[in-house]
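Take a look at the structure set out below.
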Amino acid sequence: MDNQQLITRRKNSLINGAHHFYDRPLHLVRGSGVWLWDDNGKQYLDCYNNVASVGHCHPQVVAALSDQASLLNTHTRYLHSHIVEASEALIAKMPFGLDAVCFVCTGTEANDLAVQIARRVTGHFGILVTESSYHGNSALVRQLSTCNVPLHERESFVGVFEPPNIYRNPYQKTGQALNTAFLGSVDGAIAQLADGGHGTAAVMMDVSYDSNGILNPPKGYIQGVAQRVRRAGGLVIMDEVQAGYARLGSHFWGFEREGITPDIVTVGKPMGAGHPVAAVIIQRRIMDMLQNDPHFHYFNTFGGNPVSALAAKTVLQILDEENLMQNALTTGAYLHERLMALQNNFESIGDIQGSGLFWGIDLVKNPQTKEPFTPDMNKRITSRLAEKGVLIASTGRYGNVLKIRPPLVFKPEHVDLAVQAIHDTLIELHHP
Ligand SMILES: Cc1ncc(COP(=O)(O)O)c(C=O)c1O
């Protein structure tokens, strides 16, 4: 089937089949490490995909998947060592107390289950999220993905607060006063949930703030959020689908960087290197409450099956064996340095935030007003970059933030290629 046929048949047979990342749809056929190849043999540097965080088609993952698939694949109601070992390996990465795991298949399912648990154990109904959040797409979790829900469709159980974007600061304050203003927005959302009779069951946060445009919140901010939520009788759910698994370089989990221990953690994307496996990890005291609850029961047919569990265990092993967190830290520091140097040369680069191997470049039409590029302007940039063989996409509240989130096997020579391509593209498209 040629690409034109693929495009047409995809459009005719798939919901959202007309949606493509780039102006010229890519037809990828092969991957290895940080590299991808299309149907014409053209090579692309992957600066975007965190699912293959140990590198595309890592041989140990491929072997684990195919060996176990040829031996047995059932579900979690039978005894099997892989599921126990995968749970233990995940718990070993967690702080003390977070030690009960439930495997599911997607980040959405993990967040859905986390909300069910929080509601069950607190007796409250309301959930707090940031404006422009993304946590998944089930009927429940879609409501918590405010980036996709227009104001008039929002349910009253969703309490929305301002993301802590120091650059696009809506309060005209700095330092501690700014932190207090951001936290005031959380207080407002908690009060709104109380007034609506929902109470606060939990806050759900992605501390990389991917959908918000990749942010570095003020120091102490997340501790302040956690304090307020717990005071209101709610739990802290950390959605580590993006920030976890060594992505931020300095710590294995985003919440560790922020100095808090959540009540519930959800993980997904990089967990199975492309194989669909995700999980919810909860505190033992919550587990005890659920075990005494005759009406709480959860079973997931595919979650944690022997193939998924082995994939999950293997990915954790590779992260350690190949020291990928250290690589995220050192290569990430070099990437940051190169991006800061790039910013010095371009007025259109308003701001750079991020850490480890997760960075956002906030593009602006005017550095004084900070008016963001339109999503179309960003798409032209990412499409041109794809033509040059560098894969990047956009994110953020205004769709104007270039998002760099490569596999964790990214090295300084890849940084050089990516930064040079961004430099050349901004010049070519007249964005000085
Ligand atoms: C922070 C965050 N949470 C949850 C999800 C949903 O994960 P999934 O697509 O596996 O359902 C995503 C997906 O992009 C995400 O970025």
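Conditions (1) within 16 Å of the ligand (Cβ to nearest atom); (2) out of contact with any Lys or Arg (no Cβ under 7 Å at 6 or more places or on another chain); (3) touching a residue at least 12 places away in the same chain (Cβ under 8 Å); (4) of a type in the set (V, I, T), marked per residue:
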| position | (1), (2), (3), (4) |
| --- | --- |
| A64 | no, yes, yes, no |
| L72 | no, yes, yes, no |
| R77 | no, yes, yes, no |
| M94 | no, yes, yes, no |
| G107 | yes, no, yes, no |
| A118 | yes, yes, yes, no |
| V129 | yes, yes, yes, yes |
| N137 | yes, yes, yes, no |
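Within the range 65-118, the set of residues being of a type in the set (V, I, T), over 20 Å from G254 (Cβ atoms) and surrounded by fewer than 23 Cβ atoms within 10 Å (Cβ to Cβ) comprises T74, T76, V84. Checking each residue in the range 422-431 for being in contact (Cβ under 8 Å) with a residue 60 or more places away in the chain and in a helix (DSSP H, G or I) picks out I422, H423, L426. Taking the conditions exactly as written (in contact (Cβ under 8 Å) with a residue 24 or more places away in the chain, touching a strand residue (DSSP E or B) at 6+ places or on another chain (Cβ under 7 Å) and within 16 Å of the ligand (Cβ to nearest atom)), does C102 satisfy them or not? For C102, the condition - in contact (Cβ under 8 Å) with a residue 24 or more places away in the chain, touching a strand residue (DSSP E or B) at 6+ places or on another chain (Cβ under 7 Å) and within 16 Å of the ligand (Cβ to nearest atom) - is met.
For the condition among the basic types (K, R), assigned by TED's automatic domain parsing to the domain that holds P375 and more than 16 Å from the ligand (Cβ to nearest atom), K42 qualifies. Scanning the range 140-163 for residues that are out of contact with any Ser or Thr (no Cβ under 8 Å at 6 or more places or on another chain) and away from the ligand (no atom under 13 Å from the Cβ) yields Q143, V149, P150, L151, H152, E153, E155, S156, F157. The set of residues in the range 281-300 that are more than 22 Å from V54 (Cβ to Cβ) and within 16 Å of the ligand (Cβ to nearest atom) contains only N300. The residue list G396, G389 contains one member that is small (G, A, S) and surrounded by fewer than 18 Cβ atoms within 10 Å (Cβ to Cβ), which is G389. Within the option set P294, P218, being under 22 Å from S133 (Cα atoms) and assigned to a loop (DSSP other than H, G, I, E, B) holds for one residue only, P218.
Within the range 157-182, the set of residues being among the small types (G, A, S) and either at positive phi or out of contact with any strand residue (DSSP E or B) (no Cβ under 8 Å at 6 or more places or on another chain) (or both) comprises G175, A177, A181.
Of the candidates I91, I83, the single residue that is touching an Asp or Glu at 6+ places or on another chain (Cβ under 8 Å), under 30 Å from M238 (Cβ atoms), part of a helix (DSSP H, G or I) and among the β-branched types (V, I, T) is I91. Cβ-Cβ contacts under 6 Å between residues 6 or more apart (or on different chains), taken from a first residue in the range 329-352 that is more than 13 Å from L402 (Cα to Cα) to a second residue that is modelled with pLDDT under 95 and among the aromatic types (F, W, Y), are absent.
Output yes when any residue across the range 157-164 is within 17 Å of the chain's Cα centre (by Cα), more than 17 Å from P262 (Cα to Cα) and not assigned by TED's automatic domain parsing to the domain that holds G399, and no when none is. Yes, there is a match, as at least one residue in the range 157-164 is within 17 Å of the chain's Cα centre (by Cα), more than 17 Å from P262 (Cα to Cα) and not assigned by TED's automatic domain parsing to the domain that holds G399. Within the range 318-369, being buried (at least 23 other Cβ atoms within 10 Å of the Cβ) and touching an Asp or Glu at 6+ places or on another chain (Cβ under 7 Å) holds for G350, D362. Any chance the range 233-253 includes a residue that's within 16 Å of the ligand (Cβ to nearest atom), under 13 Å from the mean Cα position of the chain (by Cα), more than 21 Å from M94 (Cα to Cα) and among the hydrophobic types (A, V, I, L, M, F, W, C)? Among the residues of the range 233-253, not one is within 16 Å of the ligand (Cβ to nearest atom), under 13 Å from the mean Cα position of the chain (by Cα), more than 21 Å from M94 (Cα to Cα) and among the hydrophobic types (A, V, I, L, M, F, W, C), which makes the answer no. Scanning the range 384-406 for residues that are part of a strand (DSSP E or B) and free of Cβ contacts under 8 Å to residues at least 40 places away in the same chain yields one hit, S394.
The values are calculated or read from the model by the stated rules, or taken from the named source; none is laboratory data. Remember, it's a predicted structure, so these values are computed and weren't measured experimentally. Cβ atoms come from the backbone with ideal geometry, glycine included; neighbour counts cover every protein chain shown.
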